[in-house]
Amino acid sequence: MSLALQKSLESSYVMPTFGRSAVDFVSGHGMTLVGDDGREYTDFLAGIGVCCLGHGHPALVEAVREQAERLLHVSNYYYIEHRGQVAALLSKLANDDRDGARILADAIWAGREDEVIAAATPAEGEQVWETFFANSGAEANEGSMKLARLYAKRIGNGGNTIVCLRGGFHGRTLETIAATMQDWLQDSFKPLPGGFVACTPNDVDELTAIFDQLGSEICAVMYEPIQGESGVHPLTPEFMHAVERLAHEHGALLIADEVQTGIFRSGKPFAFQTYGVEPDIMSLAKGIAGGVPAGAVVAKKEIADVFRPGDHGSTFGGSCLAVAAAKAVLCELVRGAYDDHAAAVGAYLALKLADVPHVTEVRGSGLMVGCDLDDTVADAHDVVAAMLEAGFVINATGAHTLRLLPPLICEQADVDALAEALAKVLA
């Protein structure tokens, strides 16, 4: 079906919540998207960081096809295949135990049940992380906040206030908008749920003052290790360590929103591991299932176990299809050493962008990169449109900021082509 048809029908029947670019993507392979007219585009957005294996990856395609033929959904009242394997892999990865994760992934992929059990059995003293499966990043963040408040109420400090960072983004539900400290997102939907306090990112003095004032009323601090929607702004190590110290001094928990930064995008399994500051709970989505809708709340066992049957739930979360896709994605990423690849190609991408005329600053980690443009560039959104015309899919998060979230299969040759095209557009 053509772009003209889609535009006609959507203008009449689809709610106008997005300003769409004038292209109708109908297929893809690897780093490439294909429009309805057959034109090819190199994808440096990956569905906003979702398609971590690119498009049409055989391991993911086969897993989804096979699972769809067998069973799509039965509800969470029953055990299903793959869910436990994915949760065990996430626990290994949360500990940055890549050797253990690789052994487990090899056993899972080979279908050797005895070896899966042996590899998944925690060693003495190993931190176990438990997972609740959701459908999206917003749901994962809501689940994380519910868990933090429930923990505080049942066995923690009794607080219910969550400190969130200005410029952050945690979702589009009313609760996650309340946690997203950006006026332009909040103002139209007030009154919003309460229990949130804003702090300026990387401002240790302000964070300290908030804890001095509220103390044990604070049950958690929620943060993105790298703020994505505001233009790829990493938190500083100093601030991250201050969050850890102050939260734990007052009995509060750390919630890392790894929806965009997680699943190997930063060059580590999760971005918090680049700081050496371990959260108590983290939220996942986007790349976890490579394009199949999925999210997850991952928490240390001693915290997760405050959940009892009935405290939280989801009809579709952790569906047969979603966990089959997540198993395929995680096994491929773990067994393929994509963390090292993302770190190396991401560093190359940052260097190439820094040499492009009119680029004033490059930020990020791994294959999550933002760059600012100088004031001679009228609007970054116009640059995005021009790059689309040149055959590249990128994103703008503001008038002078571009964001790049390519699939983790991105190679240096793809980066070279992007940098050359961007230099021409900005010339």
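The values are calculated or read from the model by the stated rules, or taken from the named source; none is laboratory data. Small disclaimer: the values here were computed from a predicted structure and weren't measured. When we count neighbours, we look across all protein chains shown, and the Cβ atoms used for this are built from the backbone with ideal geometry, even at glycine. Just the protein is used for accessible areas: all its heavy atoms, side chains included, with ligands, DNA and RNA removed. Shrake-Rupley method; radii C 1.70, N 1.55, O 1.52, S 1.80 Å.
General remarks:
- Within region 216-240, considering residues that are small (G, A, S) and open to solvent by 10 Å² or more (accessible area, probe 1.4 Å), the one farthest from A152 (Cα to Cα): S230
- The set of residues in region 22-34 that are at pLDDT 95 or above and closer than 20 Å to H381 by Cβ comprises V23, D24, F25, L33.
- Check on L150, at pLDDT 95 or above and touching a Leu at 6+ places or on another chain (Cβ under 8 Å): no
- Note on region 113-129: among residues that are touching a residue at least 60 places away in the same chain (Cβ under 8 Å) and surrounded by fewer than 20 Cβ atoms within 10 Å (Cβ to Cβ), the one that is farthest from K286 (Cα to Cα) is Q127.
- Hits in region 78-125 - residues which are within 21 Å of F316 (Cα to Cα) and of a type in the set (G, A, S): G84, A87, A88
- When D414, D382, D355 are checked against the criterion of being over 16 Å from Y41 (Cβ atoms), among the acidic types (D, E) and in contact (Cβ under 8 Å) with a residue 24 or more places away in the chain, a single residue qualifies: D355.
- Cβ-Cβ distances below 8 Å connect the following pairs, each with a first residue in region 1-20 that is closer than 26 Å to A396 by Cα, a second residue that is open to solvent by 80 Å² or more (accessible area, probe 1.4 Å), and a separation of six or more residues or different chains: L3/D37; E10/R20.
- P269 passes every criterion in (1) under 26 Å from N157 (Cα atoms); (2) touching a residue at least 40 places away in the same chain (Cβ under 8 Å) apart from (1).
- Residue match in region 98-112 (condition: within 27 Å of A63 (Cα to Cα), open to solvent by 40 Å² or more (accessible area, probe 1.4 Å), of a type in the set (F, W, Y) and touching a Cys at 6+ places or on another chain (Cβ under 8 Å)): yes
- Top-ranked residue in region 263-318 [being of a type in the set (S, T, N, Q) and part of a loop (DSSP other than H, G, I, E, B); ranked as surrounded by the fewest Cβ atoms within 10 Å (Cβ to Cβ)]: T315
- For beta carbons closer than 8 Å, sequence separation of 6+ or different chains, a first residue in region 302-318 that is over 18 Å from H82 (Cβ atoms) and a second that is charged (D, E, K, R) and in a loop (DSSP other than H, G, I, E, B), the qualifying pairs are I303/D280.
- Listing of strands (runs of 3 or more DSSP E) fully contained in region 166-259 that carry 3 or more residues being under 30 Å from G291 (Cα atoms) and within 22 Å of the chain's Cα centre (by Cα): 218-223, 253-257
- Condition broken by A328, with the remaining ones in (1) open to solvent by 10 Å² or more (accessible area, probe 1.4 Å); (2) farther than 30 Å from A220 by Cα; (3) outside any loop (DSSP other than H, G, I, E, B) satisfied: (1)
- Residue match in region 394-407 (condition: over 16 Å from E229 (Cα atoms) and of a type in the set (G, A, S)): no
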